[in-house]
1. Given the criterion within 16 Å of the ligand (Cβ to nearest atom) and touching a helix residue (DSSP H, G or I) at 6+ places or on another chain (Cβ under 8 Å), identify the matching residue among T97, T109.
2. Identify the single condition in (1) in contact with a Gly (Cβ under 6 Å, 6 or more places away or on another chain); (2) closer than 23 Å to L263 by Cβ that F179 does not satisfy, given that it satisfies every other one.
3. Given the conditions (1) closer than 28 Å to H355 by Cβ; (2) touching a Leu at 6+ places or on another chain (Cβ under 9 Å), report the number of the one that N95 does not fulfil.
4. Please report, ordered by residue number, the strands (runs of 3 or more DSSP E) entirely within the range 147-241 with at least 2 residues that are within 16 Å of the ligand (Cβ to nearest atom), surrounded by 18 or more Cβ atoms within 10 Å (Cβ to Cβ) and not small (G, A, S).
5. What's the number of the only condition in (1) within 16 Å of the ligand (Cβ to nearest atom); (2) out of contact with any helix residue (DSSP H, G or I) (no Cβ under 9 Å at 6 or more places or on another chain) that R299 fails to meet?
6. Among the residues of the range 354-374, write down those that are touching a helix residue (DSSP H, G or I) at 6+ places or on another chain (Cβ under 6 Å) and either away from the ligand (no atom under 16 Å from the Cβ) or farther than 14 Å from F30 by Cβ (or both).
7. When you scan the range 261-279, do you find a residue that is away from the ligand (no atom under 16 Å from the Cβ), of a type in the set (A, V, I, L, M), surrounded by 21 or more Cβ atoms within 10 Å (Cβ to Cβ) and on the phi < 0 side of the Ramachandran plot, even just one?
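Every number here is computed from the coordinates shown, using simple stated rules; none is lab data. This structure is a prediction, so every number in the text was calculated from the model and none was measured. Please note: Cβ atoms are built from the backbone with ideal geometry, for glycine as well, and neighbour counts cover all protein chains shown.
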Amino acid sequence: MIRKTTLLWFLLVLAAPVYAQKQLDVQKEFAFAAQQYKRLLDTHPDKSRFPHSTNPDGSLRDKPSEWWCSGFFGGSLWYLYEFTKDEKWKTAADNWTMAMAKEQTNTGTHDLGFMLYCPFGNGYRLTQNPAYRPVLLTGAQSLSTRFDPTIGVIKSWNSLGEYTYPVIIDNMMNLELLFWAARQSGDKRLYNVAISHADSTLKNHFRPDQSSYHVVCYAPGGKVLKRQTHQGAADESAWARGQAWGLYGYTVMYRETKDPKYLAQAQRIADFYLNHPNLPADKVPYWDFNAPNIPNEERDASAAAITAAALLELCTYGGASSQPYYRAAVQMLQSLASPAYKAKLGENNNFLLKHSVGAKPLKSEINVPLVYADYYYLEALLRYDALRKQPAYRL
Ligand code: GLY
């Protein structure tokens, strides 16, 4: 016969994960984010310097509008407005969104999706402000100038070291802007560019275990020249944020096309990430799944935030089999919202999350806040907030 105390312990152990997952209080998280970002706003009266991270000496690291991350701050301000409905966030979001408008004609970067769709796309979704639409349409055309139809992909970097016509997995994130612009303008070419890029990436970027290379270099005509890394531990390693970009990117591909091959790819990437033996129990990965000194390596909160946001969309597409994705995403959010990753008020140069890694092999941005970690954290919180109200997603 089972003793009463044994039974009680057994029930407590069973209930623990469920109980723990209920601790995520979205209201409280946004209240904190509002206080912290009010300080970040106050330290940035000049909208030509965009909050980005922390320097090695602990000082604030700002960037100009042409930096790939400069649209995330405006995007996060829109998420604050979306949750709080407070007009002061709308005004701030509009100001920081319009400060990015000059990048719409920038054809020197593949990152226009990040730079424009995060601020202007969210702004247009929430307000239908007619001033935002032409910026997004022009930005999509600018991005598409980087597509070579004979190779079939959008070029990532113009010239960076040894890379020839490089395409990085991150570039999957810029396709959402093309889909939006194709729908709005009727320009089917933009749609086709996105499909071609995603199909070539599907063919060339993934290893048999479904982890992705960071950089694939192409010859004219589309032949793959090399598969390399730039920010990962090694050419053959699985750079954590790269896996997150791919997961998010193919989830968007499925949303936009309903082609099951993209859903299957997103699920394969999610399964690689979630089942990896080097994924810590709190589900915040090391900066590279194959970093050489695990467990003595930095975690990357940004990879977890992006992954959580992606999983909270992916879990809506696969029926009951997607429940593990939802649970994993909630666990990631819960970890990020804990004191282990979330800053205290007024600390961390007023960013929300600590412990991200920009580019360890380049000795850049190691164990720091990063503005995009905050953006995807807020996005994931909003997605969680919408889902948890539905009976199918009650834990
Ligand atoms: N290259 C964009 C990133 O660091 O994820």
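1. T109
2. So F179 meets the others, but not (1).
3. All conditions pass for N95, except number (1).
4. 166-168, 215-218
5. Going through (1) within 16 Å of the ligand (Cβ to nearest atom); (2) out of contact with any helix residue (DSSP H, G or I) (no Cβ under 9 Å at 6 or more places or on another chain) one by one, R299 breaks only (2).
6. Scanning the range 354-374 gives K354, H355, S356, I366, P369, L370, V371, Y372, A373.
7. So far as the range 261-279 goes, yes, one or more of its residues are away from the ligand (no atom under 16 Å from the Cβ), of a type in the set (A, V, I, L, M), surrounded by 21 or more Cβ atoms within 10 Å (Cβ to Cβ) and on the phi < 0 side of the Ramachandran plot.
Residue by residue, here is whether (1) under 15 Å from L247 (Cα atoms); (2) touching a residue at least 12 places away in the same chain (Cβ under 8 Å) holds:
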site: K188; (1), (2): no, no
site: S200; (1), (2): no, yes
site: Q210; (1), (2): yes, yes
site: V216; (1), (2): no, yes
site: K223; (1), (2): no, no
